[in-house]
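**Student:** Encoded as structure tokens, here's the structure I'll be asking about.
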Amino acid sequence: MKIPPSHVIDLLHTAAHGALASHSLHLPGYPFATLLPFVPDAQHRPLFLISRLAEHTRNLAADPRASLLVAEPHATDVLSSARLTVVGEVQPVGADAIMTERYLRYYPEAADYLALGDFAFYRLEPLAWRLIAGFGRMGWIEDNELGQAEVLMPEQEAMELSSLALRFPGARWLGLDAYGADLEYRGQRQRLSFPAPAANAEARQQAVAEALVTGLDAHAAQGPRE
């Protein structure tokens, strides 16, 4: 099955965390899985903030090969819902102020971890992606295919986010890219997907406005959560 890159991107931006599997040092030859938050970067590569003392960090230092499993949040039937496995290598990455600021938009509480001085950024450099979009709908996508996706650089993203209106109380913007926008609403991350890639600022602004009407407005019409 041919997998559109937008399907992979949307699921990565919808999930707030995933299971990272590394090669165990404690039990050589066995995988070691741990649950971690992550943020997709401008190229939609998973970015982690992890302690240098953590078991998975020591594993990755010895062997960077790993995979990350993410799943559709709040799914009631795991086998019929979307899930994605990203296979590649996890490497430390030097974080500049823009990268750090962007990560903290998604996870403001991570500022406390950064203050400890023991945490550092790592990025999963993908080789391939395996998406299961539901029963009978699955396939691989190589990273060179996803590498052709439109990219919105963080500086431009921050500038465009600052000009986007968001009239819903308690909602705040997290991120923006050519395929959709990420926001937090009622304490949960939400993805507003665009029907087609928006390659410039004007197109993204229009796509966000339309997505808010068909996406978040419909959610708000259901009333407050109980």
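**Student:** Whenever you get a sec, compute what percent of the accessible area on the stretch 69-226 sits on carbon and sulfur atoms (1.4 Å probe).
**Tutor:** 55
**Student:** Further, regarding this structure: Hey, what did the stretch 36-183 get for relative contact order, percent, Cα under 8 Å, at least 6 apart?
**Tutor:** 24
**Student:** Okay, next question. Report the local net charge at residue 46: Lys and Arg +1, Asp and Glu -1, summed over other residues whose C-beta lies under 10 Å from its C-beta.
**Tutor:** Taking every other residue near residue 46 into account, the sum is 0.
**Student:** Just the number please: accessible area per residue for the chain, 1.4 Å probe, all protein chains included, in Å².
**Tutor:** That works out to 52 Å² per residue.
**Student:** Mind pulling the angle between the C-alpha long axis of helix 5-14 and the longest principal axis of the chain? Nearest 10 degrees, somewhere in 0 to 90.
**Tutor:** 90
**Student:** Follow-up. Suppose R0 equals 45 Å. What FRET efficiency, 1/(1 + (r/R0)^6) with r the Cβ-Cβ distance, do residue 162 and residue 25 give to the nearest 0.05?
**Tutor:** 0.55
**Student:** Just grab the label-to-label distance for residue 33 and residue 210, each label 7 Å out from Cα along the Cβ direction, in nm (one decimal).
**Tutor:** It works out to 3.8 nm between the two label points.
**Student:** Give the angle, between 0 and 90 degrees and rounded to the nearest 10, that separates the Cα long axis of helix 97-106 from the longest principal axis of the Cα atoms of the chain.
**Tutor:** Taking Cα atoms only, the helix is inclined about 70 degrees.
The values are calculated or read from the model by the stated rules, or taken from the named source; none is laboratory data. Only a predicted model underlies this, so the values are computations on that prediction, with no experimental measurement involved. Heads up, the Cβs are rebuilt from the backbone with ideal geometry, glycines too, and the neighbour counts pull from every protein chain shown. Surface accessibility is based on the protein's heavy atoms, side chains included, excluding ligands, DNA and RNA. Shrake-Rupley method; radii C 1.70, N 1.55, O 1.52, S 1.80 Å.
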